[in-house]
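Asks: Sharing a structure below in structure tokens format, with a few things to ask.
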């Protein structure tokens, strides 16, 4: 399971880097379809999304731009930066979970149809 988590997280980092947040449901749905025989894959993909986006935020945070952005958006929305970070990671998790759950069902239906 750890290998799957690492592989999906790495794919999510690459997809997000290339395609933005649109990469998350694409990779998550593909993972759900390919791994539809495993239990709990949607939750695993959601965790991978949180890890992936945490890595991207840490990479972006080293340049100092994230802190400035979080401060401006936080003041605009009257939210602390920590809440903005939590909402960002929650968005990634929910997006990945829903796409992976859909992918799992697509994978199961297509496997039943092939039998």
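The values are calculated or read from the model by the stated rules, or taken from the named source; none is laboratory data. Model, not experiment: these values are computed from the prediction. Positions of Cβ are generated from backbone atoms using ideal geometry, with glycine treated the same way; all protein chains shown enter the neighbour counts.
Asks: Of the residues 31, 48, 70, only one is surrounded by 20 or more Cβ atoms within 10 Å (Cβ to Cβ), in a helix (DSSP H, G or I) and at pLDDT below 95; which?
Replies: Sole residue among the options that is surrounded by 20 or more Cβ atoms within 10 Å (Cβ to Cβ), in a helix (DSSP H, G or I) and at pLDDT below 95: 70.
Asks: Go through the stretch 73-84 and count every residue that is in contact (Cβ under 8 Å) with a residue 12 or more places away in the chain and exposed (fewer than 13 other Cβ atoms within 10 Å of the Cβ).
Replies: Final tally of qualifying residues: 0.
Asks: Separate question: I need the full set of residues from the stretch 51-67 which are over 12 Å from the mean Cα position of the chain (by Cα) and either assigned to a helix (DSSP H, G or I) or touching a residue at least 24 places away in the same chain (Cβ under 8 Å) (or both), in order please.
Replies: 57, 58, 59, 60, 61, 65, 66, 67
Asks: Return yes or no: is residue 97 at pLDDT 95 or above, touching a helix residue (DSSP H, G or I) at 6+ places or on another chain (Cβ under 8 Å) and in a helix (DSSP H, G or I)?
Replies: yes
Asks: In the stretch 106-115, what residues are free of Cβ contacts under 8 Å to residues at least 40 places away in the same chain and either in a helix (DSSP H, G or I) or surrounded by 13 or more Cβ atoms within 10 Å (Cβ to Cβ) (or both)?
Replies: Those that are free of Cβ contacts under 8 Å to residues at least 40 places away in the same chain and either in a helix (DSSP H, G or I) or surrounded by 13 or more Cβ atoms within 10 Å (Cβ to Cβ) (or both): 109, 112, 113, 114.
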